[in-house]
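Take a look at the structure below.
What follows draws every value from the coordinates through simple rules; no lab data is involved. Not measured: the values here are computed from a predicted model. Don't worry about glycine lacking a Cβ; one is built from the backbone with ideal geometry, like all the others, and counts go over all protein chains shown.
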Amino acid sequence: MVGIIIASRKQNEREISVPAAISAYLGVTEPAMYGINLKYRFPMLCAMIGSGLAGLLCGLNGVLANGIGVGGLPGILSIQPTYWQVYAMAMAIAVVVPIILTSVVYQRKYRQGTLQIV
């Protein structure tokens, strides 16, 4: 979502993306998913790559949670405190990688004229 906010020059996409990004970081991903990500496809793939890398980092470091909690940034509250540093790094990866990938892909598709709404 933030990648679309950064890369897009369309005002209506920004109007949809900003509140969707805020809700996604708080754990409610449906507005982002249905409002932008599935409309273009590639933002969803970029998000999946970032989330996969973050999950890999958590898995390799044995990060454990006390239970199934909320998603998004408040999700750290369900993680055992000994793993908070690794989890924070994983969340940074889950945020930064999709922003960079989405921005790069959006700009490339926009320049090539292949930016299509599905």
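Kindly give the semi-axes, whole Å and largest first, of the ellipsoid equivalent to the chain, taking each as the square root of 5 times a Cα gyration tensor eigenvalue.
The three semi-axes for the chain are 29, 15, 10 Å.
Could you please rank SER17, SER78, SER103, placing first whichever residue has the fewest other Cβ atoms within 10 Å of its Cβ?
Ascending number of Cβ neighbours within 10 Å: SER78, SER103, SER17.
Packing-wise, with mean Cβ within 10 Å as the measure, how do 48-61, 28-41 rank, highest first?
28-41, 48-61
Cα atoms only: what Rg and Dmax, in Å, come out for the range 69-118?
16.2, 48
Just to be sure I understand: with springs between alpha-carbon atoms less than 10 Å apart, which residue in ILE68, ILE99, ILE76 has the highest mean-square fluctuation in the Gaussian network model of the chain?
In this elastic network of the chain, the residue with the biggest mean-square fluctuation among ILE68, ILE99, ILE76 is ILE68.
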